[in-house]
Structures are given as structure tokens and as C-alpha cells.
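Note sheet for the following structure.
The values are calculated or read from the model by the stated rules, or taken from the named source; none is laboratory data. Owing to the predicted nature of the structure, the values given are computational and were not obtained by experimental measurement. A quick note on method: Cβ atoms are made from the backbone with ideal geometry, for glycine too, and the neighbour counts reach across all protein chains shown.
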């Protein structure tokens, strides 16, 4: 997986103009974009790298980023406060629906153009979001190319046999719930979401007792925590035949271009289980 992440980082670095973050040109200063949305960051470094003035601080955090850190750290980061963003005088602010209303009101008072993006729950919705953002930054062709890569990745996943019941942890005891984008990718890769059987209506913590009472066939998690080690011991003592695999934290947060490596990883795990 490290090799795949290295290739992914190298590809992204290759498409970014050298030095674009460190020394933006006159057009970038005049038509600059500031993103306080970490999922928008992952799209904008491909759609408008030369215009991107700043990204979300989450993209500089190894525990939260959806970008290779080598790519993210080519751009300054902000905490998303109105003062920081307004001081950069961007032509466009890309934010999320979780941005406080007071911050959005401050943007409006400053006369900033703002694009608010939600969290898509399907591949189609994520592709629609790419089109909206690509058009907003005058890069429709790059948006179409990004969507084409996603469609190609979807087409490359073979139709599997019976689905493998899987519980996917986003971090700690927090499991991915039904009707999310990640849930849709799991189903496409031939994995059914055990969260449904556990009664989750959305992403939520799952207790060890719940898992022990009805173990899934596969558990995915981003790291080998102490909780994961304890869970392994309990399931092994019970004689459960649950398999475990790593699903990197960088792939759990966003759609857009992250769909491609996330789907490839899920499909590879499904092939090994089969």
C-alpha cells in the first residue's frame, strides 16, 4: 500500500506546476482560490493548482488528509477563520455546509464569492460535485478528465460473487454507516456493510460486544490500535473466522479523486478474501 500511495503522490506532484504554491503568478493573486473544505482541496489541486492560494488545515494533518502530504504541504493552510480567509482577498472561497453561519456571513460582508459543497453520498453525486467545482474554477475539461478516471475505475472492478459482509472502521470504534459514499463503494467492490445488520442508521461507534455477538466475515480499519488487538483476541477466543485488513485513513473522508484509490483498495481486499 505504501508503494501505491507513493505512486499516487508522484502522479499528483507531476501534474502540479512547479513552484505554483510558493510563488503564485499575477493571475493567481488576482483570481486566487481559498479552500476551507478538505475534500475540495483534493479536487482543487488537480482542477486549479495555479490559482490555489490556501487549503484547509485538515489537509496538512496526516490523520485527516485525503491528499498525499507532499502535495498538501506545497500550499499554505488556514484554520478556516473568516479573518484568515478574508485577508487573502480570494476571488473564490470553497467551503462546506459545516462552516459556521457567522463565518459565512463575514464572507458575505467582505463581498467574497463563496461556493458551499455538501458531502455526496453516491458516486453520481460526487461526479456532479466535480462538475460544479470545475465549472466554478473555469476548468471544465479537467473536471471531465477526473470523472473519466472515476468511471474507468468503476468499470475495471469485476462483478464479484456473493457479497462479503464487512465492517469498516473510520477510526477508533467509529464504523462507516449505510447510505454513504463509502458504503456505495463497498457494495460496488462486492462487500456488504455489516453496519446495516447492527442497526446503524448512520456512521456511529460499534461496541466490541455487538461485534462479538455477530462477527462479520471481514473487518477493515485504518490502523492496528489497542482496541483492534483486543477485538482480535476476543474473536479468536470465540473461534470466529473474521479476517482483518487495513483500509488507509486517507481514503475514508472524501469522494472526488479519492474514489479511485479507495475503490481499487476495496476491490483488492475483496479479491484476497475470495
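Looking at region 196-207, can you tell me whether even one residue there is part of a loop (DSSP other than H, G, I, E, B), under 21 Å from residue 273 (Cβ atoms) and not assigned by TED's automatic domain parsing to the domain that holds residue 58?
Scanning region 196-207, I find at least one residue that is part of a loop (DSSP other than H, G, I, E, B), under 21 Å from residue 273 (Cβ atoms) and not assigned by TED's automatic domain parsing to the domain that holds residue 58, so the answer is yes.
Looking at (1) at pLDDT 95 or above; (2) buried (at least 16 other Cβ atoms within 10 Å of the Cβ); (3) not in a helix (DSSP H, G or I), which is the one condition that is false for residue 106?
Among (1) at pLDDT 95 or above; (2) buried (at least 16 other Cβ atoms within 10 Å of the Cβ); (3) not in a helix (DSSP H, G or I), residue 106 violates only (3).
Listed here are the residues, each with its yes/no results for (1) in a helix (DSSP H, G or I); (2) touching a strand residue (DSSP E or B) at 6+ places or on another chain (Cβ under 7 Å); (3) loosely packed, with under 15 Cβ neighbours inside 10 Å; (4) free of Cβ contacts under 8 Å to residues at least 12 places away in the same chain.
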residue	(1), (2), (3), (4)
215	no, no, no, no
228	yes, yes, no, no
240	no, no, no, no
261	yes, no, no, no
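Could you tell me whether region 245-258 includes any residue that is part of a strand (DSSP E or B) and at pLDDT 90 or above? Working first, answer last.
Of the residues in region 245-258, the ones part of a strand (DSSP E or B) are 245-246.
Those left that are additionally at pLDDT 90 or above: 245-246.
Taking every residue of region 245-258 in turn, at least one turns out to be part of a strand (DSSP E or B) and at pLDDT 90 or above.
Residue 90 versus (1) touching a helix residue (DSSP H, G or I) at 6+ places or on another chain (Cβ under 8 Å); (2) not in a helix (DSSP H, G or I): which is the lone unmet condition?
Failing condition for residue 90: (1).
Hey, among the residues in region 217-226 that are buried (at least 18 other Cβ atoms within 10 Å of the Cβ) and not in a loop (DSSP other than H, G, I, E, B), which one's farthest from the chain's Cα centre (by Cα)?
218
From the list 55, 33, 7, 15, which residue is more than 18 Å from residue 262 (Cβ to Cβ) and modelled with pLDDT under 95? Steps first, please.
On the way: 55 fails: modelled with pLDDT under 95; 33 fails: modelled with pLDDT under 95; 7 fails: more than 18 Å from residue 262 (Cβ to Cβ).
It is 15.
Is it the case that residue 121 is assigned to a loop (DSSP other than H, G, I, E, B) and either at pLDDT 95 or above or under 19 Å from residue 221 (Cα atoms) (or both)?
yes
Might you check whether a residue that is in contact with a helix residue (DSSP H, G or I) (Cβ under 8 Å, 6 or more places away or on another chain), closer than 26 Å to residue 188 by Cβ and modelled with pLDDT of 95 or more occurs anywhere in region 110-117? Break it down into steps so the answer makes sense when it comes.
Initial filter on region 110-117 (in contact with a helix residue (DSSP H, G or I) (Cβ under 8 Å, 6 or more places away or on another chain)): 110, 112, 114-117.
Filter once more, so that each one left must be closer than 26 Å to residue 188 by Cβ: 117.
Applying the additional criterion that residues be modelled with pLDDT of 95 or more yields 117.
Yes - at least one qualifying residue is present in region 110-117.
I'm trying to understand the selection: among the residues of region 169-195, which are in a helix (DSSP H, G or I) and closer than 20 Å to residue 235 by Cα?
If the condition is that a residue be in a helix (DSSP H, G or I) and closer than 20 Å to residue 235 by Cα, then 194, 195 are the ones that fit.
Considering every residue within region 165-187, establish whether at least one is under 28 Å from residue 272 (Cα atoms), free of Cβ contacts under 8 Å to residues at least 24 places away in the same chain and either outside the structural domain of residue 265 (by TED's automatic domain parsing) or over 16 Å from the mean Cα position of the chain (by Cα) (or both).
No, the conditions are met nowhere in region 165-187.
Evaluate region 175-192: report whether one residue or more is surrounded by fewer than 22 Cβ atoms within 10 Å (Cβ to Cβ), in contact with a helix residue (DSSP H, G or I) (Cβ under 8 Å, 6 or more places away or on another chain) and modelled with pLDDT under 95.
No: zero hits.
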